[in-house]
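Inspection log for the structure reproduced underneath, given as structure tokens.
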Amino acid sequence: SVGHALPALFRRRPYNPAYLNPDDARRLGASEGAIVVIESAAGEVRAVAHPASDVRAGVVSMAHGFDSTGGPAGAANAATLVDDVNGSDALSGLPRMSAIPVRVRLAAA
């Protein structure tokens with residue numbers, strides 16, 4: 001997750017893509033490179049849509065570890081979607097960091 005700051009990787013993709021199932025992307029009207037807004041109970045991020053056939057319908061896949069600078073929609077810090085106050089694991093105290101319920105919409109032009 002920290003490799004994105006390496007110059008060679010940053011030049012290739014200076015942002016954190018939001019991988020969507022192609023059918024979901026089509027329903028949203030989000031073609032490759034479109035800006036989408038991803039909202040959870042904790043917050044929202046703007047991200048660059050990348051339809052990917054290996055992503056299950058109804059799922060958005062993003063990497064963690066990006067800060068909120070750079071790229072066409074900022075780097076899309078997925079940690080913004082994590083609720084670190086409510087719903088933490090009772091034993092470890094860790095917040096839910098995957099399978100977070102989100103709503104995705106096409107960003108306004």
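Quick notes on this structure:
- Any pair with Cβ under 7 angstrom, 6 or more apart, that starts in the range 37-61 at a residue that is on the phi > 0 side of the Ramachandran plot and ends at one that is among the charged types (D, E, K, R) and outside any strand (DSSP E or B): GLY58/ASP24
- Test for ALA109: is it in a loop (DSSP other than H, G, I, E, B), open to solvent by 60 Å² or more (accessible area, probe 1.4 Å), modelled with pLDDT under 85 and of a type in the set (A, V, I, L, M): yes
- Residue within the range 72-82 that is at pLDDT below 85 and open to solvent by 50 Å² or more (accessible area, probe 1.4 Å) present: yes
- Test for ARG11: is it modelled with pLDDT under 80, open to solvent by 80 Å² or more (accessible area, probe 1.4 Å) and over 22 Å from ALA108 (Cβ atoms): yes
The values are calculated or read from the model by the stated rules, or taken from the named source; none is laboratory data. None of the values given here were measured: they were computed from a predicted structure. Glycine gets a Cβ as well: all are built from the backbone with ideal geometry, and neighbour counts include every protein chain shown. Protein only, heavy atoms only, side chains kept; ligands, DNA and RNA dropped before computing areas. Shrake-Rupley method; radii C 1.70, N 1.55, O 1.52, S 1.80 Å.
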